[in-house]
Amino acid sequence: MPHIVVEYSDTLADAFDRQGFGTALHPVVAKTIDTAVAGCKTRFRRVDEAVIADGAPHLAMIHIEVAILSGRDAGTKAELSRAVLDVARAHVAPVPGLTVQTTVNITDLDRAWYVKHEEATPQSS
């Protein structure tokens, strides 16, 4: 926790520095919601087909869902959404003729039902 899922238009495949985004984002998220970077997980889903607004080909999107354990107040969630948006914008290079809509949504994982198991596999010699 937190779990971060990023969907992005296929037209941004070369312009969106996903590795840089993830590694820059995790410390920001950890600091904002007071958690450990080690628990952050980000998955990327390239969207090969989407209709944005009127379907014009010059439109692209990035949508970021951040799921965090419940109990954070509205101010913390608002701060987190703005911070995630800032990090995302810093990791997308301009593409001539393309307009990119970037959105962020923060959701709660219910503390009563969320479970985690972590097991290290010994390294072979």
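The values are calculated or read from the model by the stated rules, or taken from the named source; none is laboratory data. Every value quoted in this text rests on a predicted model; they were computed, and no experiment measured them. Methodologically, a virtual Cβ is constructed for each residue, glycine included, from the backbone with ideal geometry; neighbour enumeration extends over all protein chains shown.
Tabulated results
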quantity	calculated
Tabulated pairs, segment 11-25, first on the phi < 0 side of the Ramachandran plot, second of a type outside the set (D, E, K, R) and part of a loop (DSSP other than H, G, I, E, B), C-beta under 6 angstrom, 6+ apart or interchain	ALA15/ALA93; ALA15/VAL95; ASP17/HIS91; GLY20/HIS91; PHE21/HIS91
Residue, surrounded by the most Cβ atoms within 10 Å (Cβ to Cβ), within segment 3-44, restricted to residues that are assigned to a helix (DSSP H, G or I) and among the small types (Gly, Ala, Ser)	GLY22
Leading residue by the ranking (farthest from the chain's Cα centre (by Cα)) among those in segment 48-66 that are assigned to a loop (DSSP other than H, G, I, E, B) and not small (Gly, Ala, Ser)	ASP54
Single condition ASP86 does not satisfy, out of (1) part of a strand (DSSP E or B); (2) acidic (Asp, Glu); (3) free of Cβ contacts under 8 Å to residues at least 60 places away in the same chain	(1)
Filter pass, GLY71 being free of Cβ contacts under 8 Å to residues at least 40 places away in the same chain, loosely packed, with under 12 Cβ neighbours inside 10 Å and not aliphatic (A, V, I, L, M)	no
Odd one out for THR103, checked against (1) hydroxyl-bearing (Ser, Thr, Tyr); (2) in contact (Cβ under 8 Å) with a residue 40 or more places away in the chain; (3) within 14 Å of ILE33 (Cβ to Cβ)	(3)
Every pair of residues 6+ apart whose Cβ atoms lie under 6 Å, when the first sits in segment 44-58 and is on the phi < 0 side of the Ramachandran plot while the second is surrounded by 13 or more Cβ atoms within 10 Å (Cβ to Cβ) and part of a strand (DSSP E or B)	PHE44/VAL6; ARG45/GLU7; VAL47/GLU7; VAL47/SER9; ILE52/LEU59; ILE52/MET61
Neighbours by Cβ (under 9 Å, 6+ apart or cross-chain): first from segment 114-125, surrounded by 10 or more Cβ atoms within 10 Å (Cβ to Cβ); second at pLDDT below 90 and not basic (Lys, Arg)	TYR114/MET1
Residue list for segment 82-108, restricted to those being touching a Gly at 6+ places or on another chain (Cβ under 9 Å) and closer than 12 Å to PHE16 by Cβ	ALA90, HIS91
Residue list for segment 74-94, restricted to those being buried (at least 16 other Cβ atoms within 10 Å of the Cβ), under 17 Å from THR11 (Cα atoms) and of a type in the set (A, V, I, L, M)	ALA88, VAL92
